[in-house]
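Everything on this sheet refers to the single structure shown next.
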Amino acid sequence: MLTPRKQPRQQRSRETVAVILEAAAQLFQRHGYAGTTTNKIAERAGVSIGSLYQYFPNKDALLVALAEHYLTQSAEQVAQVFSRAAEHRPSLHDLLTDLVGCVADLHTDRPELHRLLFDQAPRTPGLVTRFRQAEQQIAGALAGELRRLRAGGPDPGLSALLAVQGIEAQLHGALLDQPDGRDTSGHVQAVIRLWHRALAAAP
């Protein structure tokens, strides 16, 4: 069973779930999947194991809930990039600097947890659907900016989607499994340069 047993409806229940998820995030980040148990999560959260099981039937359900929470937070932070773009109308380079920097920060804020969620969280149909929806929304926002900038080649919509997918994959691989002798800043700047060259072409 990979979904919560019940959804919290009252404020107190929502607060309990939030505390459980934060405790799980801290322990997964520190000890990994194998070293984390529901008993340890309940103890860390300051709740009984029975209270935890009211909402999450097992460790995998907690992973799925954390992945959904992370996805929601990530989409909100990336949306702020485009809110700033709508207000300040940046150049393509400045837009990509903000976007790539935001995605890089999401990868490096609790990197072990990010790796765990990506590698081991069960891919439920609901989670996959939400990920694709978020990806499409971000690509749509980027496509709008590319059209404003008269960039993105003959199909700004497709170029934006490829950029969103590419930036995520390139930063995930580079920042979470960084090659020897490389630094985070260098990787981020390389991704910005790569996509600036790719997207600078006029329609």
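A simple rule links phi to the HN-Hα coupling: the Karplus curve 6.51 cos²θ - 1.76 cosθ + 1.60 with θ = phi - 60°, which for the range 155-166 gives 9, x, x, 5, 4, 5, 4, 4, 5, 4, 5, x Hz, with x for Gly and Pro. Approximating the spin labels as points 7 Å out from Cα along Cα→Cβ, the Val19-to-Gln165 distance works out to 4.3 nm. Taking the longest Cα principal axis of the chain as reference, the axis of helix 111-120 is set at about 80 degrees.
On a 0 to 90 degree scale, rounded to 10, what angle separates helix 184-199 from the longest Cα axis of the chain? That helix lies at roughly 50 degrees to the long axis.
Taking 20 Å as the cut-off, the amide N atoms of the range 93-116 that come nearer than this to a point 7 Å along the Cα-to-beta-carbon line of Thr184 belong to 96-116. Against the empirical 2.2 N^0.38 Å (N residues), the chain has a Cα radius of gyration ratio of 1.16. Remark: the range 1-120 is approximated by an ellipsoid whose semi-axes, taken from the C-alpha gyration tensor as √(5λ), come to 33, 16, 11 Å, largest first. If you fit an axis through the alpha-carbon atoms of helix 11-31 and take the longest principal axis of the Cα set of the chain, what angle between them do you get, 0 to 90°, nearest 10? In the chain, helix 11-31 runs at an angle near 80 degrees to the longest axis.
With both labels modelled 7 Å from their Cα along Cα-to-Cβ, the Arg150 to Glu112 distance reads 5.2 nm. Compared with the direct C-alpha span, the chain from Ala200 to Asp105 gains 31.8 nm at full extension, assuming 0.36 nm per residue. Anisotropy class assigned to the range 21-92 is prolate, per the alpha carbon gyration tensor with a/c at or over the 1.5 cut-off and a/b larger than b/c. Can you send over the carbon and sulfur percentage of the accessible area for the range 57-203, probe radius 1.4 Å, protein chains only? Carbon plus sulfur share of accessible area: 52 percent. Taking the range 96-118 and a reference point 7 angstrom along Cα→Cβ of Lys40, the backbone N atoms nearer than 16 Å belong to 112-114, 116-117.
Volume per residue for the range 77-177 equals 96 cubic angstrom (convex hull of Cα atoms). Computed with a 1.4 Å probe over protein heavy atoms only, the accessible surface of the chain comes to 54 Å² per residue. Rounded to the nearest 500, the helix-only mean residue ellipticity at 222 nm of the chain stands at -25500 deg cm²/dmol, with each DSSP H run of n ≥ 4 adding -39,500 (n - 2.57). Between the range 18-41 and the range 126-203, the C-alpha centres lie 31 angstrom from each other. Modelled label positions at Asp94 and Phe131, each set 7 Å beyond Cα in the direction of Cβ, lie 3.4 nm from each other.
The values are calculated or read from the model by the stated rules, or taken from the named source; none is laboratory data. If you're wondering where the values come from, they're calculated on a predicted model, not measured in any experiment. Methodologically, a virtual Cβ is constructed for each residue, glycine included, from the backbone with ideal geometry; neighbour enumeration extends over all protein chains shown. What goes into the accessible areas is simple: the full protein's heavy atoms, side chains included, and nothing from ligands, DNA or RNA. Shrake-Rupley method; radii C 1.70, N 1.55, O 1.52, S 1.80 Å.
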